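Every read-out reported here was derived from the displayed coordinates using simple, explicitly stated rules and does not represent laboratory data. Note that the coordinates shown come from a computational prediction; the quantities given were computed from them, not determined experimentally. Cβ atoms come from the backbone with ideal geometry, glycine included; neighbour counts cover every protein chain shown.
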Amino acid sequence: MTNERRCPVTQFDHHSTEHTENHVAIYRKLREESPVAWTEAHGGFWVLSDYASVYEASRNDDMFSSARHDEYGGPGLAVTIPKAPTEFHIPIEIDPPNSAPYRKLINKVTAPRTVENLEPMIKHYVTGIIDSVIETGEADLAIVAGVPAMVVIDWLGLDPSEYQTYVDAMHTLVSAAPDSAEYRHAADVSVPRVEETVRAHIRYRREHPGDDITTYFIQSEINGETMTDDEIYSILELIISGGVGTTASLVTQSLVWLYQNPDERTQLIEDPSMLDIALEEFLRVFSPTQALGRTVMEDAEFHGCPVRKGDRALLSWASANRDPEQFSDPDDVDITRWPNRHIAFGVGVHRCAGLYIAKALAREIFTQVFERMSDYVVDMENVVTYPDQGTNAGYHSIPVTFTPGERLLGQTPLFGEHYTKAS
Ligand code: HEM
């Protein structure tokens, strides 16, 4: 591929240290100068950074495919750039119409009414995780980021007390620098371990059906046939990787911002009815999943640029969400902003399947932090952000102090015995 037909060409690498430190400014410059641009990083790809191009590409699955195309650049997760070394994921790596029956199954267990049934579990884990630090008056507030993992793992019927293994495998894979020891450990050790556990669980549930989502998928049919272990694994692994890191990213960024903006924090504490609208603004401005990729399927002119079959394209939800053409004063965080047509959950057929779960989790975490640790003070000198913010942005560590309070779970253990071990 030559540069001549790649105009405009830009220097852009969302996995670079510079990007991690300045992603808002870098995306702003891209939007202003070349909202569709070619970069040579990671073998070359198009960066789509304004709302119009990201929105249009997300809704054109024929031209911007989410499916794996190993013929272009070898195997790997199709929707990350560079491609992550993971198993095939259903349905995110299938284009319509074949993705539809899988998505229909997933929608049944992630619809608002079904998610209501998860609320007691969500409340239990948030209460328990805050209990674990509430008497001390100091903590790493990023511990609340463990709750999404506990809930998703429990929901699948896996052992929630092992949530940290899943966090290491799924979250570190996207938040550590690709050449770091943590990344290699996640890819080489934690991911295979999770795979072994989840596959064993699927086999066990075939023999011993339970009251969990894994059993639901085993008993469901796609086009009149039950699914193979590989298909079910592909779905479960996607739910785990989608569920574990993203909500953590949302709540850690929001909690730090709320410390820095005490007026808004007070407003939300005094009037919890404002929370749902504020949550949409946090999703817009912090865009936990910053950007995902596609493969171009035809030679065409796209927003003035000559895209070619086999090119990769990065769709930046984070940048689209700060496009002044769509949002007034986009860099201001306005917790009353409405309407708010952010695309933090994506657009089109692959729009996030877990968004109601994510919102229920975030709502409960904010509610309990406001009720139980309302005066938390963040030690900003010692917060630790993710080393790589190209895919997920957020904080690994948020040291805080607060007025100590009482534990609420009493004798109830954080992790009950209701799940069944597969082995
Ligand atoms: C704040 C939290 C979350 C954010 C920002 C987020 C973001 C996204 C985005 C941007 C996509 C679209 C991918 C694409 O178009 O290529 C997506 C898809 C998906 N997400 Fe989420 N997500 C969140 C939470 C969750 C949770 C909690 C779960 C599961 C429990 C989940 C499961 C999924 C699944 C299964 C897909 C694939 C849907 C499909 O391909 O049809 N997500 N998510």
Legend entry - For region 4-401: rounded, prolate or oblate by the Cα gyration tensor [a/c cutoff 1.5]: oblate
Inset, instruction - Treat each spin label as a single point 7 Å out from the Cα along the C-beta direction, and report the THR403 to GLU182 distance in nm. - result: 3.4
Legend entry - Net dipole in debye of region 21-123 [+1 Lys, Arg Cβ; -1 Asp, Glu Cβ; about Cα centre; nearest 20]: 480
Legend entry - Gyration tensor (alpha-carbon) shape descriptor, region 227-356, a/c threshold 1.5: oblate
Inset, instruction - First check a/c for region 133-209, with a ≥ b ≥ c the square roots of the eigenvalues of its C-alpha gyration tensor; if it is under 1.5, answer rounded, and if not, answer prolate when a/b is larger than b/c or oblate otherwise. - result: oblate
Inset, instruction - Name the residue, out of TYR166, TYR72, TYR55, whose mean-square fluctuation peaks in a Gaussian network model built on the chain with Cα pairs under 10 Å. - result: TYR72
Inset, instruction - Please give, to one decimal in nm, the separation of the simple spin-label points placed at VAL384 and SER132, each 7 Å out from Cα toward the Cβ. - result: 1.6
Inset, instruction - Step through the table entries LYS108/LYS309; LYS29/LYS123; LYS83/LYS104; LYS29/LYS104; LYS104/LYS359, compare each Cα-Cα distance with 30 Å, and write down the pairs that go over it. - result: LYS108/LYS309; LYS29/LYS123; LYS29/LYS104
Inset, instruction - For ASN117 and ASN98, compute 0.36 nm times the residue count separating them, minus their Cα-Cα distance, and round to one decimal in nm. - result: 3.9 nm
Legend entry - Difference of contour (0.36 nm per residue) and Cα-Cα distance, GLN11 to GLU371: 125.0 nm
Legend entry - Under Karplus coefficients 6.51, -1.76 and 1.60, residue-wise ³J(HN,Hα) of region 25-30 in Hz, glycine/proline x: 5, 5, 5, 4, 5, 4
Inset, instruction - For ALA300 and GLU71, compute 0.36 nm times the residue count separating them, minus their Cα-Cα distance, and round to one decimal in nm. - result: 80.5 nm
Inset, instruction - Place +1 on the Cβ of every Lys and Arg and -1 on the Cβ of every Asp and Glu in the chain, take the dipole about the Cα centre, and give the residue among HIS208, THR412, CYS352 whose Cα lies farthest towards its positive end. - result: HIS208
